[in-house]
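Notes for the one structure printed next.
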Amino acid sequence: MIVANYLVAGFVFCAGLYTVLTRRNLIKIVMGLSLMEGSTYLLFISMAYRAGSTAPVLVGPPGGRTAHDLVRGNVADPVLQNFCLTAIVIGVAVTAVFLTIVVRVAQHYRTLDADKIRELRG
């Protein structure tokens with residue numbers, strides 16, 4: 001199951017990279033960057049997963065487990081999950097900035113085509 005998550009994360013990243021490299025519409029480029037960003041979230045969560053693990057902070061051990069089982073390290077890694085949540089917040093802000101820039105470019109140049117915007121340079 002974990003290998004499938006890594007493969008899907010790689011596929012989604014490649015799809016986003018393909019979109020960024022082949023599309024000329026600025027909004028589609030931003031969408032490709034968001035796909036690439038989403039693949040990193042899947043990768044982070046997949047790296048934090050452990051089969052049969054429990055939450056790292058518990059009042060008591062879950063049924064069928066002892067405190068000794070939890071001490072041996074049979075818990076999920078919360079650091080990568082925290083990185084993922086932080087990356088989501090930063091990613092939303094960066095995407096908002098990118099879309100704001102796209103709106104300003106569209107208002108100024110009256111086009112979203114990156115090739116036409118390059119042609120307008122002096």
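The values are calculated or read from the model by the stated rules, or taken from the named source; none is laboratory data. Worth saying up front: this structure is predicted, and the values here are computed from it rather than measured. Quick reminder, even Gly has a Cβ in these numbers, built from the backbone with ideal geometry, and neighbours come from all protein chains shown. Calculation scope for accessible area: heavy atoms of the full protein, side chains included, ligands and nucleic acids excluded. Shrake-Rupley method; radii C 1.70, N 1.55, O 1.52, S 1.80 Å.
Can you give me the number of residues within the stretch 76-105 that are under 22 Å from G52 (Cβ atoms) and either basic (K, R) or part of a helix (DSSP H, G or I) (or both)?
Counting residues in the stretch 76-105 that are under 22 Å from G52 (Cβ atoms) and either basic (K, R) or part of a helix (DSSP H, G or I) (or both) gives 6.
List, please: which pairs have Cβ atoms under 9 Å, are six or more places apart or on different chains, and start with a residue in the stretch 28-49 that is within 18 Å of L80 (Cα to Cα) and end with one that is of a type in the set (D, E)?
Short answer, once both residue conditions are applied: M47/D77; A48/D77; Y49/D77.
Going by the structure shown, is A96 out of contact with any helix residue (DSSP H, G or I) (no Cβ under 6 Å at 6 or more places or on another chain), open to solvent by 40 Å² or more (accessible area, probe 1.4 Å) and at pLDDT below 90?
The answer is no for A96.
Name the residues in the stretch 1-19 that are open to solvent by 30 Å² or more (accessible area, probe 1.4 Å), among the hydrophobic types (A, V, I, L, M, F, W, C) and assigned to a helix (DSSP H, G or I), would you?
Within the stretch 1-19, I2, V3, A4, L7, V8, F11, V12, F13, C14, A15, L17 meet the criteria.
Could you check the stretch 23-36 and list, in sequence order, the residues that are farther than 15 Å from T95 by Cα and either within 13 Å of the chain's Cα centre (by Cα) or open to solvent by 60 Å² or more (accessible area, probe 1.4 Å) (or both)?
Hits for the stretch 23-36 are R23, R24.
Are there any pairs, at least 6 apart or on different chains, whose C-beta atoms fall under 6 Å, with the first in the stretch 94-115 and over 14 Å from K28 (Cα atoms) and the second open to solvent by less than 90 Å² (accessible area, probe 1.4 Å) and among the hydrophobic types (A, V, I, L, M, F, W, C), and if so, which?
Y109/I117
Out of curiosity, is G64 outside any helix (DSSP H, G or I) and either at pLDDT 95 or above or open to solvent by less than 70 Å² (accessible area, probe 1.4 Å) (or both)?
Spelling it out, it is not the case that G64 is outside any helix (DSSP H, G or I) and either at pLDDT 95 or above or open to solvent by less than 70 Å² (accessible area, probe 1.4 Å) (or both).
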